[in-house]
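Novice: Please read through the structure below; I'll follow up with questions.
Only the coordinates and a few stated rules stand behind these numbers; no lab work does. If you're wondering where the values come from, they're calculated on a predicted model, not measured in any experiment. Positions of Cβ are backbone-derived with ideal geometry, glycine not excepted, and every protein chain shown enters the neighbour counts.
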Amino acid sequence: MRPLRRVWEAIRGTPKPSGSVVSAWARGIGEVPAIKFEDLLGIYYKDPDARAAVDSLADQVVGAGFYTTADIPKAKEVVDAFCESVDLDRLLQATTRELIGCGDAIWEKVTPETLETINHLPIESLEKIIRNEQGTFEPTARITETGYQQTSAYGGTLIAAEKIVHFNLLRVTYKQGWIGAGILRTLAETMKTADGETRPAFSKIKAGIQKAMHDQIEKFGGPNEVYVFPDMPDQPGTGSSAGLSKLDDTAALLKNMPKAGARWVTNYKDTKVIQVVPERMRGLDYYVDNLMNSYYLGFQTPLPKLFTTPGFTEASARAAIEVAERKVQAVQRYIKRTIEREIFAPLLKQNSIDIVKANCRLNWNEKKTPPTFSELLKALEDGAIRVEELRKNMIKEGVELWEPTTGGAS
């Protein structure tokens, strides 16, 4: 080993193990989001298109609700009671919006050793994640405390990792660490161009165009007016701008006239007011369309485009929605597995229930109501089911039946 290398490693501490992943948090700085969560939430709250995209995806994921199943009745009772006590349906509504929009959402297990309740921590309260250079949460000599650090606005608390349930999406590389990337991040990112310039974030470009549109309407919504005074004398004025020419004085008065309700009175002969209405410029329409199409692509759902763009056929709309359903199913699967692993499994364990045998699952959408006895009888009469199938369905619903005896009596 080179001498300078030995000195450097002596200064910074024990060299990293071979193959470990080292990032900013390895030096105790902590892993911070590339875009602040409050900035992403600002886009969600202030941009109608962004909010519509996040809400529509979230409603598709959790809007229809959920139900649980288990092979052991006691396990289902324990899980259902916990879901009811923490109002899991409400938690999922807020959590899914953060997860889709920001890429992350965090819950706190108040008492992880004996799980009794969970709190949904606002995602903007997360400042950084502090881990050691091996990527785990055990403290090292240089990092005396590890965990989830909250912002000063939320008390600056460092929460132990074992108390956190961390939902995150689109963690593509280790460089991104444990912080995900939601659909709003792409809209908030700047980008270097080939000539070394920086392209602003799409959200700022769109906001700038909308501001320019507002300014254009405000400026040109009413006609510009030209006042003509053919016989105005060139002499000093007598008003607030005394010392200037009479024309300058009059121009200053016209400039300060209110936009509505004002009247101009003059005794100059042949005074004219010429209204000038500018022609509408259409040269930038294609540029705006290109920007908005890219903006909608970032949402990963076609619904905002379908609601705002005329001309979509039923077939094309159905095809676009089917593509979005793949995204919805992926998010549902991820949330389902996280809750089963981080919530259901500890609950069953602390109640001495075998996790494997219980096979406790979270299922999306409302549970289908089983057919009634009269409906089953009608199906039997119509020949849709056999007697054996009728008996099995009745037994499944708790009806006590006996197997037929020899000779056909039952």
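Novice: Stretch Thr69-Leu380 to full length: gain in nm at 0.36 nm per residue minus the Cα-Cα span?
Specialist: Difference between extended and current length: 109.1 nm.
Novice: Now, a different point. Apply the Karplus parameterisation 6.51 cos²θ - 1.76 cosθ + 1.60, with θ equal to phi minus 60°, to every residue of the range 43-58 and state each ³J(HN,Hα) to the nearest whole Hz, in sequence, with x for glycine and proline.
Specialist: So the Karplus estimates, Gly and Pro as x, are 5, 4, 6, 9, 9, x, 5, 5, 5, 4, 5, 5, 5, 5, 5, 5 Hz.
Novice: Hey, which lysines would be in cross-link range of Lys255, C-alpha to C-alpha under 30 Å, not counting anything within fewer than 8 residues on its own chain?
Specialist: Filter leaves Lys211, Lys219, Lys246, Lys269, Lys272.
Novice: Another question, then. At 7 Å along the Cα-to-beta-carbon direction for both Glu77 and Glu225, put a label point, then send me their distance in nm to one decimal.
Specialist: 8.2
Novice: On to the next question. Residue by residue through the range 86-96, which ³J(HN,Hα) values in whole Hz follow from phi under the Karplus form 6.51 cos²θ - 1.76 cosθ + 1.60 (θ = phi - 60°), with glycine and proline marked x?
Specialist: Residue by residue, the range 86-96 yields 9, 6, 4, 4, 5, 4, 5, 4, 6, 4, 5 Hz.
Novice: Can I ask one more? Enumerate the calculated ³J(HN,Hα) couplings along the range 195-204 in order (Karplus 6.51 cos²θ - 1.76 cosθ + 1.60, θ = phi - 60°), each rounded to whole Hz, writing x wherever the residue is Gly or Pro.
Specialist: 8, x, 7, 10, 7, x, 5, 4, 4, 6
Novice: Which of the trypsin sites (Lys or Arg not before Pro) across the range 339-368 are loop residues per DSSP, with 10 or fewer other Cβ within 10 Å?
Specialist: Lys368
Novice: Same structure again: Once you list every other residue whose beta carbon is under 13 Å from the beta carbon of Ala160, what net charge do they have if Lys and Arg are +1 and Asp and Glu are -1?
Specialist: Net local charge, Ala160 excluded: -2.
Novice: Run the quick spin-label model on His214 and Arg341: label points 7 Å from Cα toward the beta carbon, then report their separation in nm to one decimal.
Specialist: 4.5
Novice: Under 13 Å from the Cβ of Ile355, count the other residues' Cβ atoms, weight Lys and Arg +1, Asp and Glu -1, and hand me the total.
Specialist: Details: positive: Lys74, Arg341, Lys349, Lys357, Arg361; negative: Asp71, Glu340, Glu342, Asp354.
Taking every Cβ under 13 Å from that of Ile355, the sum is +1.
Novice: Another question about this same structure. Please list the non-local residues whose amide H lies under 5 Å from the amide H of Lys128, H modeled 1.01 Å from N, same-chain partners needing a gap of 5 or more.
Specialist: Gln149
Novice: Excluding Thr117 itself, calculate the net charge of residues whose Cβ lies under 11 Å from the Cβ of Thr117, where each Lys or Arg counts +1 and each Asp or Glu counts -1.
Specialist: Values: positive: Lys109; negative: Asp87, Glu108, Glu116.
Local charge sum for Thr117: -2.
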